[in-house]
1. Using a ≥ b ≥ c from the Cα gyration tensor of the chain (square roots of the eigenvalues), is it rounded, prolate or oblate, where a/c under 1.5 gives rounded and otherwise the larger of a/b and b/c decides, a/b for prolate?
2. Can you run phi through the Karplus equation (6.51, -1.76, 1.60; θ = phi - 60°) for the range 240-249 and list ³J(HN,Hα) in whole Hz, with x for Gly and Pro?
3. What does the extension gain come out to for Asp432 and Leu63, with contour length at 0.36 nm per residue minus their alpha carbon separation?
4. When a/c reaches 1.5 or more, the comparison of a/b and b/c decides; with that in mind, is the range 156-329 rounded, prolate or oblate per its Cα gyration tensor?
5. Can you list the residues, at least 5 places off or on another chain, whose amide H is less than 5 Å from the amide H of Thr45, using H built in the peptide plane?
6. If you filter the range 536-577 for GluC sites (Glu not before Pro), then keep DSSP loop positions with at most 14 other Cβ within 10 Å, what is left?
7. Using Cα atoms only, what is the angle between the long axis of helix 26-36 and the major principal axis of the chain, expressed in degrees (0 to 90) to the nearest 10?
8. Of the DSSP beta bridges with both residues in the chain, give the percent that are antiparallel, rounding to the nearest 5.
Amino acid sequence: ALAAGWDLLLVDEAHHLVWTPEFSSPGYALVEALSARTPGLLLLTATPEQLGLGGHFARLRLLDPARYTDLDAFRAESRGYLELSALAERLLEGQSLTTADMATLSGLFPGDEAALVARLGRIAAGDAAERETLLADLVDRHGTGRAMVRNRRAAVGGFPTRLPSVTTLDAPGDPTVLGRLRAEFAHDVGDSDDEPEHDYARDPRTDWLLGILDQVAPAKVLLLCRSRAKVQALEEALRLRTGLQVARFHEDMNLLQRDRNAAFFADPEGARLLIASEIGAEGRNFQFAQHLVLWDLPLHPDMLEQRIGRLDRIGQKGDVNIHAAAVAGSAQEVLLRWVHEGLDAFRGVLADGRELLRSFGAELLQLAEQDADAREPALTELIARSRDKHAELTRIIAEGRDRLLELGSRGTDGGELLAALQGDDQHAAMDDHALRLLEAFGVHNEPLGPNQWLLDPEHLTVDGFEEFKQGPRAVTFDRATALGRDDLLYLRDDHPLLLSANELLVSGETGNAAFLVDDSLPPRTVVMEAVNVIECVAPRGLDVERYLPPAPLSVAVDTRLQVRAEFAPGERARLRAGDRVFDLSPQRKVLAALVPPMLERAREEALLRAQERVAEAVAKADALLGAEIARLRALAKVNPAVRHEEITALEQEREQLLAILPTARPRLDSLRLVASTDFLQLRR
């Protein structure tokens, strides 16, 4: 892997990467080694607090090892960010700034005191645009926003409501049940390495589960538990008790098996219940279901949040119903009551879960080992203290949030881009171009349901479509459908399957040359349409397409060698274009006389137009990169996160682009000859 030469390293669930000054986990060491040889690194996590401020530093250290070298220095620096966050909060809410705020701003913008006073005056007069600009400057100059983006649920919106249903089950008459539950709990929380054998046929939770399935029928239900052994034991117990269709999902299954079982669960006619282990379900989306059953609970609140996050995601269409139960007197009851009554963890996201576990985890495990009657007073008192601590930490976190980081992540100027993406989504969902394109290569399609298609490669005429190596594939062109169905290929214009198909079409002979008879043209009229593509040979890392996109350049020339700027064939001719095949061999001499000079004139015109586009691309690259270089140079004076190497890299990129872009040339891609009806009477 280290020798492969990757362009981008993307790490999901990055909170699993553990680092301290004394220790690095194997996963962290691997990512560190790969990132040292990879130009791009992207780390993703939904639970950034799981490892505290040290975890933040560990991830930043991977992203910029030259900048983040000392954990203690980073802690001190972070305290300064929080002070700036309070100032940013007052600016954002339009509050009056204190004398201390003015002094802080003067220190942040040295040498600009007069300009700063003028800006603050405009803000005090109600200039909202000036306030936004000053906030943007604060974000740009300070904090970790250059390396980290953070989106909070409250800011993003679109998340469902959580509806917990917590049940305490009556203690069974069989005393061995509590013993089995205690052994199960010990393994779940890590006190025992040996997982006990699970017999859920006589477990009170099984009757509770069957009751839920009857109560919510015909809704689909996701059940999460700790281990693969539990998944198998539950499946066996349900097989003996009911004829319900059940799918399973655990880490020992290969990817293909998991995908098939997930598809079986997602299918409206498929399994109503999916039983999944914690590790097996990590990173999977099941937001088409609204009922989550927690067979057991993880000790760490962040792990519980990850479980709930399988359903509580953007794209969820309804409320998320969370079902949890514990047998009275069991060790599991202690954990359930602490999570529900002390932390209220089923109703909202816990930002302080790690600290709460550190404060109360050991005491909680001690109480779980005691008999029910003996532990009750201490458990009640522990729950009360946990509730108070949670309230206090929530207040501290709210006051100490890194508002600069959040402001830098909110994307206030992204409305136009978002609208364009939404419009593109709507167009993609209705456009049949992809289906017609694949049909041209022998890939048959048939509808499976709303926004779903089955692509069958039985008559595929070419090799190279990796997506069909395992046979037919179910696809969608709709983003909302794709969000809820991991088993569907989400086909966009930039999907590798469609990119490959388009490349085959463009590079093949189909469509290179065409002839059209247009009865709307005057007699003895012939027009040649030449479609060119401007090509610029350059390293991919320069992203030439950003400045010179590969848009077609069409030139129309008539027999008098005049360029027809607005030429287009008649509507009737275009609609009947494929109805008739023409034999142009009788017109060989006429074509030999007409085409070469028309083609040369079209080439000259294409070259002129290409030069105009290239000049625009050069100006655009120079302006954009020049402005960014100037901005970084100014920032480097006040923000240590801006490295000299970053500025040098941009300067080199600009220099290379300004040298390479002028070498772009038009390449003839296709021709179409449009003639009046009397052209066919011409003979050699």
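Values quoted throughout were computed directly from the atomic coordinates according to the rules given, and no laboratory measurement underlies them. This one's a predicted model, so the numbers in the text were calculated from it and none came from an experiment. All Cβ positions, even for glycine, are placed from backbone atoms using ideal geometry, and neighbour counts span all protein chains on display.
1. Cα axes put the chain in the oblate bin.
2. 7, 9, 8, x, 4, 6, 10, 10, 10, 7
3. 128.7 nm
4. rounded
5. Residues meeting the criterion, in which the H sits 1.01 Å from N, are Ala14.
6. Within the range 536-577, the qualifying GluC sites (Glu not before Pro) (loop, at most 14 other Cβ atoms within 10 Å) are Glu566.
7. 30 degrees
8. Close to 45 percent.
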